[in-house]
Amino acid sequence: MDFLITDELKAIQLAVREFIEKEVHPRESIIEEEDRIPEELIEGARKLGLFGVSIPEEYGGLGLNMVGKCVVGEEMGRGIAGFSGYQGAHTGIGTSGIVMVGSDYLKEKYLPDMAEGKKIGAFALTEPDAGSDASNLKTTAVKKGDRWILNGTKHFITNGPEAHVLTTMAVTDPSRGARGISAFLVENTFPGFSVGKIEKKMGLRGNHTSEIIFEDCEVPAENLLGKENEGFITALRILANGRAGLAARCSGACRRLIELSLDYASKRVQFGKPIIENQAIQWMLADMEMETQAAKALTYQTAWKVDQGMNIIKDAALTKLFATEVYNRVADKAVQIFGGMGYMKEMPIERIFRDARITRLYEGTSEVQRMVIAAQMMKKS
Ligand SMILES: Cc1cc2nc3c(=O)[nH]c(=O)nc-3n(C[C@H](O)[C@H](O)[C@H](O)COP(=O)(O)OP(=O)(O)OC[C@H]3O[C@@H](n4cnc5c(N)ncnc54)[C@H](O)[C@@H]3O)c2cc1C
């Protein structure tokens, strides 16, 4: 395996790092307190091409492979989760389906605007009765002439209120279970489309999550994404690739937690010396570093396998599981190192601790990842 990054990718990495440090970190309190991504950050991300990392160059994107996407994801993860979640859901689960299985017509119609961030993407699979049991969908799509008519409600959809183009899964043949689900590209302007309840969440401020309601929503026949009744397989492929990107964002967040913890522990004096001089603190820092590096190594190994066209169902699941659990352990240790200050909103640690929690739930819970890993192991044995 060769994870050495090219000079071109190194330049992108450094540009994103500078953007995060100079533009994103100083706006942390705006995102947190006002629950919005400032327009200048969206503009900055546009200039860097961050809305098109995974979109091929012929459609105006950066055309990065999965290792490249993870390099960008890691830097974004060092920023603010609400912002990286917005950009990550768009570039990952929001656009990758079009790149993977979209027709030339759909690619030409949507990808250039999505690469520029003029159109934002989302992924609408989950429903009230279809969470971990993701194929238990109630949303239906019935063909009428040159249109599909969608009815149903999705919930917990990242970027739901802002999204212009939603990769949406609906039942097209109820007699076939998971093999009777198709994927569609639904625009927020199509008749019968509306945004429902916007959730109030524990964290991820700035990144909005909502219901999406389809009431006789009219979708042109050509907006079928991939083949009819193959939408659930497409959804699983999108999610598997998304898991490597999410794991990269987790490693980036861990890196920031370590940097902040090292700095605080070197300055905070108790019993007449900086707390970092205590072995108990050093051991926490050492464990944070060890686990972060292990998560990062696993992430790049999986990304490399994606780029080789290898089957990554098990790798993606164990990478997502490990990286998200490491992120939560590292965040917990960071709060411990900060002591009471780690619990106060004036420190970023408190926010990062809350933001870490979602990663063990979305894009498949930790339990679901374990189910996938075990199922693959049993298949092999
Ligand atoms: C902030 C946020 C953003 C999201 N963004 C999106 C999005 O953009 N698009 C989208 O489609 N979805 C999205 N989701 C949905 C997310 O993927 C689901 O919430 C997740 O898959 C879990 O489903 P659930 O919430 O219904 O939990 P449930 O499936 O009800 O699970 C509840 C608990 O039971 C456990 N469990 C369930 N079944 C089993 C089993 N067989 N064995 C052992 N344990 C089990 C689960 O692991 C969990 O601990 C988002 C969710 C959140 C909270």
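What follows is calculated from the coordinates using simple rules that are stated; it is not laboratory data. Everything quoted here is computed from the prediction, not taken from an experiment. Ideal geometry is used to build each Cβ from the backbone, glycine not excepted, and the neighbour counts take in all protein chains shown.
The residue list 93, 80 contains one member that is within 25 Å of residue 347 (Cα to Cα) and buried (at least 23 other Cβ atoms within 10 Å of the Cβ), which is 80.
On the given criteria, is residue 17 basic (Lys, Arg), in contact with a helix residue (DSSP H, G or I) (Cβ under 8 Å, 6 or more places away or on another chain) and in contact (Cβ under 8 Å) with a residue 12 or more places away in the chain?
Against the criterion (basic (Lys, Arg), in contact with a helix residue (DSSP H, G or I) (Cβ under 8 Å, 6 or more places away or on another chain) and in contact (Cβ under 8 Å) with a residue 12 or more places away in the chain), residue 17 qualifies.
The condition (being within 27 Å of the chain's Cα centre (by Cα) and not β-branched (Val, Ile, Thr)) is satisfied by just one residue among 286, 280, 265, 295: 295.
The set of residues in region 339-374 being within 16 Å of the ligand (Cβ to nearest atom) and outside any helix (DSSP H, G or I) consists of 359, 360, 361, 362, 363, 364, 365.
Considering only region 109-116, I want to know if a residue exists there that is closer than 23 Å to residue 72 by Cβ and within 16 Å of the ligand (Cβ to nearest atom). Even if it seems obvious, please write down each step before you answer.
Applying the first criterion (closer than 23 Å to residue 72 by Cβ) to region 109-116 yields 110-116.
Now restrict to residues that are within 16 Å of the ligand (Cβ to nearest atom): 114.
Yes: one or more hits.
Given 163, 235, which one is under 29 Å from residue 33 (Cα atoms) and within 11 Å of the ligand (Cβ to nearest atom)? If you could, list the steps in order and put the result at the bottom.
Working: 235 fails: under 29 Å from residue 33 (Cα atoms).
Testing whether each residue is under 29 Å from residue 33 (Cα atoms) and within 11 Å of the ligand (Cβ to nearest atom) leaves just 163.
Tallying residues that are closer than 25 Å to residue 158 by Cβ and assigned to a loop (DSSP other than H, G, I, E, B) within region 1-48 yields 4.
Looking across region 189-206 at every residue that is basic (Lys, Arg) and either within 11 Å of the ligand (Cβ to nearest atom) or in a loop (DSSP other than H, G, I, E, B) (or both), the one that is surrounded by the fewest Cβ atoms within 10 Å (Cβ to Cβ) is identified as 200. Going by the structure shown, is residue 153 within 16 Å of the ligand (Cβ to nearest atom), over 25 Å from residue 247 (Cβ atoms) and under 24 Å from the mean Cα position of the chain (by Cα)? For residue 153, the condition - within 16 Å of the ligand (Cβ to nearest atom), over 25 Å from residue 247 (Cβ atoms) and under 24 Å from the mean Cα position of the chain (by Cα) - is met.
Select from region 142-183 the residues that are of a type in the set (D, E, K, R) and part of a strand (DSSP E or B) and write down the one among them that is nearest to residue 204 (Cα to Cα). Lay out the reasoning, then the answer.
Let us first name the residues in region 142-183 that are of a type in the set (D, E, K, R), namely 143-144, 146-147, 154, 162, 173, 176, 179.
Add one more test, that the residue is part of a strand (DSSP E or B), and what stays is 143-144, 147, 154.
On the way: 143: 38, 144: 40, 147: 36, 154: 20 Å.
Selected residue: 154.
For residue 19, indicate whether it is crowded, with 22+ Cβ neighbours inside 10 Å and closer than 30 Å to residue 350 by Cβ. Before you say what the answer is, go through the steps one by one.
Values: crowded, with 22+ Cβ neighbours inside 10 Å: no; closer than 30 Å to residue 350 by Cβ: yes.
Judged against the criteria, residue 19 is not a match.
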